[in-house]
Structure formats: structure tokens, C-alpha cells
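Asks: One structure is given below, represented as C-alpha cells, and several questions about it will come after.
The values are calculated or read from the model by the stated rules, or taken from the named source; none is laboratory data. All values derive from a computational prediction rather than experimental measurement. Cβ sites come from the backbone with ideal geometry, for glycine too, and all protein chains shown count toward neighbours. Note: areas computed on protein heavy atoms with side chains; ligands, DNA, RNA excluded. Shrake-Rupley method; radii C 1.70, N 1.55, O 1.52, S 1.80 Å.
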Amino acid sequence: NMQSIFAKNGSETPEPVKAQMKGSLPSWLQGTLLRNGPGLFSVGNSKYNHWFDGMSLIHSFTFSNGEVSYRSKFLKSDTYKRNIKADRIIVSEFGTMIYPDPCKNIFSRAFTHLSNVIPDFTDNNLINIIRYGQDYYASSEVNYMNQIDPATLETVGKINYRNHIALNLATAHPHYDDEGNTYNMGTAIMGFGRPKYVIFKVPAEASDKEHQKPALRKVQEVCSIPFRSTLFPSYFHSFGMTDNYIVFVEQPFKLDIVKLATAYFRGVNWGSCLKFDENDITLFHIINRKTGKEVSMRFYGDALVVFHHINAYEDNGHVVFDLISYDNSNLYDMFYIKNMKQETSSFIQSNKSFSPPVCKRFVLPLSVHKESPRGTNLVTLTDTTAQAVVQEDGSVYCQPDTLFEGLELPGINYNFNAKKYRYFYGSRVEWSPHPNKIAKIDIVTRKHIEWRQENCFPSEPVFVGSPGAVEEDDGVILSSVISPDPNISPFMLVLNAKNFEEIARASIPASVHMDLHGHFIPTAVNQHSS
């Protein structure tokens, strides 16, 4: 039963515990891997409906002088504190709508209803750890984040994007450039004038530790894009970035704003306000990140659902971007806890209807102009079968090249982010939402290699490069592995990224919970050592 490993309540390990090493770590591997994911699924007698509702549990794996230490703490969000104090769930989440005590008087009930028209989302930030300036935040996709101390995992405090930039939603998957600036993207829906998607940048030197001022106060808007349909903005979980451009996929997986505003009264959860329109198209926006101007050609493709971009880059007058796409939006349904309770075999049977994740490459030629020949493929790159064909009306219809089928939670050597690259890593998905293998895909040879161990569930693989490395896959892969088998203690797995051979594993004498995404913070190397 999958729920036993995924949706049981996790526990904190607030003081660092030392892992037991097998094999040996490379001496250069020094730093902390922070991880985030849902870890608490019931409070008192109340339970969440969806895996993405669970309260955030932050983990850290610190690599220092050949040793690994582990600690974990629940994110002390306002949501967490209120729920724990009440000893039941009193704050609504993505898949669980909560109603106040009906015994309250009519006035306060009316007031509560009013305040739920524009949802004031939970600050249960369970998806990722992101950096703005030198500040680290637990983040989800709402306007609240919680700053954390990466060393102690203490929650420093809640921050509201809206105090700095007009946004209701923002992604938990920003991009970082070589200077250390952070680029992210959000949606302005309600109360901010014309609804739009907003791309923004937080400069590398935005933090002011001394005066405890947040990095976001230095936020700059790069550009904005109006919704294609005012009441149905696209949902987006990430975006692409090249040296000169931002790539935004406006997919037909949409948020129904009217339904969102009335969800509370109608007794439905926020998750049900997302709708996939399989008959619509997907629009591809290419925005110059220096000028904020969008490339004027209309690029579009067939309906798809995308959560994670893999990478994007420019090649010979084309913008190339790789993403993981689905044919429908059923993925969210898979993670309703009632659906996770089935035995694995029946789970697999009942989920044959879920469309598999497919890694696709789109190629958009920038040299298209109004007079370009109709009906011919304008992609001139020789290493891809992706097509871009000018239609009668001058718009460009893009069809992707399939790189790989059955992979999620992708990662790359981030030094190659926004650049032409060859390898990506991820969790293998084969008719189950529970990845039990990690893989490395070679885009050039279209071959892949895998790591697996019976009854073990590895988390998203994270690449850490060797110092001074020239080759893209010179480094290690880190993945936190858990098992339902009581004889297998949780461990941090360290693989050679070149051949996926195990270099070391660090067995952790504490409970570790399945997570979603994370962020590796290298230890600042002492400049004086030779």
C-alpha cells in the first residue's frame, strides 16, 4: 500500500543526526542539500484529502569532510501554528476546503464568507526551496513564502509577494543566472487592474541581513503578458530561460477565476478550479529578458499539460526548449489520498488511464517573418525532428520531437541552464506515481541509464558538479531514498553522474519522508586555502 510510505505523518528530527557512511564521499562535496515536501497529513481527527495539502516538512543533508548529517523540521507557517493550536485542520488547502464553526453568529459568518471571495491562500509552502538575494524561502505557488534559516531550518517569518509586487500566484521554480540574479514568474488575477502574467527579477545583491530587510524589496518587473482569455488564465508551474529570452508556455490547462472566487460558497476545493481544454491550442511566448519585449510571431502547438521545464537554449537562430508534457490533467487526481490507498497492483490497473509524462523538445525559429514560405518546416537544426511550419495566416505551428517517455522531476547540471546541454536526470515513472528508479538521459544518443534498488523509493535526483569540471556530467547525483521495509533505513545516495555507479550511501538513523524539490547550497570555500 503506497499510502503507508507517502501519506503517513512524518516526524521532525530537530537536532542533527550523523549518518553511517558506506563508501566514501568525494572530498570536494561540501554543502547542504535542502529538501521540501508535504509531511503532515492529519491533525487531531481531521485529515487532508490530497497529497499536495500536507503540511511542509523541511529536510537538510549536510555534507562536510566526508560525513553527512541530517535534520528536519516542520515549517512553522501560520497555517501550521493555527492547525496545531486548534488540534484540527482549520486552514483550507489545494484539495481540502475548510469551513468555520457554524455556531458563530450570523454577522461573523457573513464576514467570513466575504473574506473568502478573494482567496487568502494558506502559507503552507511545501513545494520547493528558492533563493532571492541571499535569503532562502520555502515556497509553494501562492503569494506567501516563509523565509527559513538554511543552517538550523528555523522558520524566520512569512513574507507576502503582494507587499512588493502585484501578484496572487508565483511559481516555486525560479531561474538563477550566472550573476546570482533570480528570475521568476507569477499571475496577477484579482485587485491589480488588468489581469496578466508577470515576469520579475530579484538582483543578486538584494539582501540586507544587517537591517533584516527582505530581498524582494528590490524586485524589478521585467515584463507582463496579458491573458489570452481574461477569466481563464493558464496554470503554470515553471518556465524556460535562455541567455536572451524567457520561454512561457500558455497551456490550455486553465484556472477558472469565477469558480476560484466562488469555490468557498459552492463547497468545492481550489484544485477543482483547474480545467484542461483538450480542444484548445498551446501558445508559446518568447520574451526578450533584457528589453521585456515579446517576439511578435505567433507560435503555437497542440493542447498539452506541462508542469516542469527541463532546459532551454538558443541555437543558430532558434529557441530550443525541453519540457515534460502530458496529454491530460489527470495527474492531480492520482494524488488524492483516497487514490493512493490502493495496493500497488490495483493502483497500476486503475491508473492505466493516466497519460504518461513525455519529455518533448520544441524548436522555434526566430528568423520567421510575415513573408516566410507557407507549409514548409523552418527548423534548420540537424539534431532534432521538431518542426515549425508557417500557416496560411502567418502563425507558426510547432510540433515537438520526443526525447524520452516516462520521466518526471527533471534536473540538469545547472551550470548548463539556458545553454546547449546534453544530459538530464529524473525519476522514472512507469504507470505509478511512485518513482522507484532514477535515470540519466543522453539527448545526443537518446539512450538512458538507471539506478534502482528493490523496495526503495528515491527522490528527485540533484546534480552537483565537481569543482573546475569541464565535462557536463563530471559530478555526482544526490538522492534521498526511503523504503517501506523496516530493515532498510533511509539513506542519502551518492552516484557518479557519468555512469550512475554508487560512490557512497549515508544511512540515516531517523525517519525521513518522501519530498518534492530541493536546493543545494555549496559551502563557501575559504579563499585563502591553496
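Asks: From the residues in region 248-258 that are modelled with pLDDT of 90 or more and either assigned to a loop (DSSP other than H, G, I, E, B) or over 15 Å from Thr187 (Cα atoms) (or both), which one is nearest to the chain's Cα centre (by Cα)?
Replies: The residue in question is Gln251.
Asks: In addition: Only residues in region 234-245 that are more than 18 Å from Ile189 (Cβ to Cβ) and open to solvent by less than 10 Å² (accessible area, probe 1.4 Å) count as the first member; pair them with residues that are charged (D, E, K, R) and not in a loop (DSSP other than H, G, I, E, B), Cβ under 6 angstrom, at least 6 apart or cross-chain, and list the lot.
Replies: Between residues of region 234-245 that are more than 18 Å from Ile189 (Cβ to Cβ) and open to solvent by less than 10 Å² (accessible area, probe 1.4 Å) and residues that are charged (D, E, K, R) and not in a loop (DSSP other than H, G, I, E, B), the close pairs are Thr242/Glu314.
Asks: Counting only residues that are over 18 Å from Ile441 (Cβ atoms) and in contact with a strand residue (DSSP E or B) (Cβ under 8 Å, 6 or more places away or on another chain), which one in region 316-334 is most open to solvent (accessible area, probe 1.4 Å)?
Replies: Residue satisfying both the conditions and the ranking: Asp327.
Asks: Before we move on, is Ser72 within 14 Å of Ala138 (Cα to Cα) and not acidic (Asp, Glu)?
Replies: Yes: the conditions hold for Ser72.
Asks: Look at Ala263 and say whether it is open to solvent by less than 20 Å² (accessible area, probe 1.4 Å), at pLDDT below 90 and of a type in the set (Gly, Ala, Ser).
Replies: Spelling it out, Ala263 is indeed open to solvent by less than 20 Å² (accessible area, probe 1.4 Å), at pLDDT below 90 and of a type in the set (Gly, Ala, Ser).
Asks: Which residue is modelled with the highest pLDDT, if the candidates are limited to region 180-217 and must be in contact with a Ser or Thr (Cβ under 9 Å, 6 or more places away or on another chain) and surrounded by fewer than 15 Cβ atoms within 10 Å (Cβ to Cβ)?
Replies: So, considering only residues that are in contact with a Ser or Thr (Cβ under 9 Å, 6 or more places away or on another chain) and surrounded by fewer than 15 Cβ atoms within 10 Å (Cβ to Cβ), the one modelled with the highest pLDDT is Lys213.
Asks: Thr282 versus (1) among the hydroxyl-bearing types (Ser, Thr, Tyr); (2) in contact (Cβ under 8 Å) with a residue 24 or more places away in the chain; (3) over 30 Å from Val363 (Cβ atoms): which is the lone unmet condition?
Replies: (3)
Asks: Lys76 - would you say it is at pLDDT 95 or above, in a loop (DSSP other than H, G, I, E, B) and open to solvent by 10 Å² or more (accessible area, probe 1.4 Å)?
Replies: For Lys76, the condition - at pLDDT 95 or above, in a loop (DSSP other than H, G, I, E, B) and open to solvent by 10 Å² or more (accessible area, probe 1.4 Å) - is met.
Asks: Only one of these conditions is not met by Ala151: (1) of a type in the set (A, V, I, L, M, F, W, C); (2) open to solvent by less than 20 Å² (accessible area, probe 1.4 Å); (3) under 25 Å from Lys76 (Cα atoms); (4) modelled with pLDDT of 95 or more. Which number is it?
Replies: (2)
Asks: Would you confirm whether any residue within region 10-17 is in contact with a Leu (Cβ under 6 Å, 6 or more places away or on another chain) and not in a strand (DSSP E or B)?
Replies: Taking every residue of region 10-17 in turn, at least one turns out to be in contact with a Leu (Cβ under 6 Å, 6 or more places away or on another chain) and not in a strand (DSSP E or B).
Asks: Turning to a different aspect of this structure: Filtering region 454-473 down to residues that are open to solvent by less than 50 Å² (accessible area, probe 1.4 Å) and more than 23 Å from the chain's Cα centre (by Cα), which residue is nearest to Asn436 (Cα to Cα)?
Replies: Ser466
Asks: Here are Phe41, Phe61, Phe6: which of them is of a type in the set (A, V, I, L, M, F, W, C) and either surrounded by fewer than 19 Cβ atoms within 10 Å (Cβ to Cβ) or in contact with a Pro (Cβ under 9 Å, 6 or more places away or on another chain) (or both)?
Replies: Result: Phe6 is the single residue among Phe41, Phe61, Phe6 that is of a type in the set (A, V, I, L, M, F, W, C) and either surrounded by fewer than 19 Cβ atoms within 10 Å (Cβ to Cβ) or in contact with a Pro (Cβ under 9 Å, 6 or more places away or on another chain) (or both).
Asks: With Lys419, Lys440 as the choices, which residue is within 22 Å of Ile130 (Cα to Cα) and either surrounded by 15 or more Cβ atoms within 10 Å (Cβ to Cβ) or within 23 Å of the chain's Cα centre (by Cα) (or both)?
Replies: Of the residues listed, the single one that is within 22 Å of Ile130 (Cα to Cα) and either surrounded by 15 or more Cβ atoms within 10 Å (Cβ to Cβ) or within 23 Å of the chain's Cα centre (by Cα) (or both) is Lys419.
Asks: Also, I was wondering about something else. Checking the condition under 20 Å from His237 (Cα atoms), open to solvent by less than 10 Å² (accessible area, probe 1.4 Å) and modelled with pLDDT of 95 or more, which residue from Tyr132, Tyr144 passes?
Replies: Tyr132
This table checks each residue for (1) outside any loop (DSSP other than H, G, I, E, B); (2) out of contact with any Asp or Glu (no Cβ under 7 Å at 6 or more places or on another chain); (3) at pLDDT 95 or above.
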site: Lys290; (1), (2), (3): no, yes, no
site: Asn311; (1), (2), (3): yes, no, yes
site: Ser325; (1), (2), (3): yes, yes, yes
site: Val363; (1), (2), (3): yes, yes, yes
site: Thr385; (1), (2), (3): no, no, yes
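Asks: Residues of region 333-361 being β-branched (Val, Ile, Thr) and modelled with pLDDT of 85 or more, which ones?
Replies: Passing the criteria: only Val358.
Asks: Quick check: anything in region 218-238 part of a helix (DSSP H, G or I) and modelled with pLDDT of 95 or more?
Replies: Scanning region 218-238 turns up at least one residue that is part of a helix (DSSP H, G or I) and modelled with pLDDT of 95 or more.
Asks: Continuing with the same structure: So, in region 360-383, of the ones that are farther than 24 Å from Asp442 by Cα and β-branched (Val, Ile, Thr), which residue ends up surrounded by the fewest Cβ atoms within 10 Å (Cβ to Cβ)?
Replies: Within region 360-383, the match that is surrounded by the fewest Cβ atoms within 10 Å (Cβ to Cβ) is Thr376.
Asks: Also, quick follow-up: Here is a list: Gly193, Gly180, Gly186. Which entry is within 24 Å of Pro233 (Cα to Cα), outside any strand (DSSP E or B) and not hydrophobic (A, V, I, L, M, F, W, C)?
Replies: It is Gly193.
Asks: Now a separate question. Which condition number in (1) touching a residue at least 40 places away in the same chain (Cβ under 8 Å); (2) under 26 Å from the mean Cα position of the chain (by Cα) is the one that Ser24 fails?
Replies: So the condition that Ser24 fails would be (2).
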